[in-house]
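One structure is given below, encoded as C-alpha cells.
Computed from the coordinates by the stated procedures, all read-outs in this text should not be read as laboratory data. The shown structure was predicted, so the numbers you read here are calculated from the model rather than taken from an experiment. Note that each Cβ is placed from the backbone with ideal geometry, even for glycine, and that neighbours are counted across all protein chains shown.
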Amino acid sequence: MGSAVLLLASSLFLVGLCSAGSDAPRGVAVGFVFDPQAKCEPACEHAGVCIRNNTCFCSRGYEGETCQYANCYPKCKNGGACLRPGKCRCPPGFGGRYCHKVTCDGGCWNGGECTAVNGVAKCICPSSWTGSKCQEAICPQGCRNGGICVAPGICSCPEGWLGGACHTAVCTQPCLNGGKCISPNKCRCRPPYSGPRCEERKKSH
Ligand SMILES: *[C@@H]1O[C@H](CO)[C@@H](O)[C@H](O)[C@H]1NC(C)=O
C-alpha cells in the first residue's frame, strides 16, 4: 500500500511540474495531494515529507512507511545491508560497492582462488596446497623424522636425515661389515660384528 501511495504522489507531483508553465496557478496539482495540516506519527525520516495523515512522501533513496529504509540499487548482494542510498555494509568475506566481490582475508596464496562457498569466502587451493590461505604445501610421501614439507613433494629434513621423506639416516662414518645406518650416526650391526661402526668382531667363546 505504501508504494502505491508513493507512486500516486510522485505522478501528481509531475503533473504539478508540467502545469508550471501554463496559466494555472502554481502548486494547484500538488496542493490536491499535499495536506499542509497532515500529521505523521511517527514522523517521516530522512527528509521525507508528510503529505497526508500518516503518509510520507520519501526523498530519493529512501522507502518504507516513515522513509526509514535506505535503498540501494543495485541491491546489496551476499547479505549486505543498505546503510544509506547506494552504500552497502558488507558481511565479512565480501566487498565492493554492492558486496558483489568475494574477499578472502589475507588473500589466497600459491594460486588459490577466493570463492564464495555457501555464502562464506574461502580459498580454493590447487591440489598440492592446503590450509585456509593455501599456505601449506602437501607432501604426499610424508615428511618423517621431524622433516617439514616446504613445497609440494619437498621435505626439509633435520640434520642427520636425507631422502624425499627424510627417511634415510646419515652416518658420517659409514657402517662397516654389512651394518646398516638406522639413525644419525648409529649403525645396526650384523653378527658377529659390533662397535659404533660395526668394526669389531666379537670373540667367540
Ligand atoms: C488528520 O489528523 C488530524 C488529527 O490527528 C485530524 O484532525 C484531521 O482531520 C486528519 N485529516 C484528514 C484529512 O483525515
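Within a straight-line Cα-Cα reach of under 16 Å, K133 can be paired with the following lysines, leaving aside sequence neighbours fewer than 8 residues apart in one chain: K122.
Applying both filters, DSSP loop and at most 13 other Cβ atoms within 10 Å, to the GluC sites (Glu not before Pro) of segment 98-205 gives E159.
In this simple spin-label approximation, N53 and Y73 carry label points 7 Å from Cα along the Cα→Cβ vector, and these lie 3.3 nm apart.
For segment 157-170, the Karplus equation 6.51 cos²θ - 1.76 cosθ + 1.60, evaluated at θ = phi - 60°, returns couplings of 9, x, 4, x, 10, 9, x, x, 10, 6, 9, 9, 6, 10 Hz by residue, with Gly and Pro reported as x. For segment 124-205, the list of trypsin sites (Lys or Arg not before Pro) that fall in a loop by DSSP and count at most 13 other C-beta atoms within 10 angstrom reads K202, K203. The slack in the chain from Q173 to R144, taken as 0.36 nm per residue of separation less the alpha-carbon distance, amounts to 8.2 nm.
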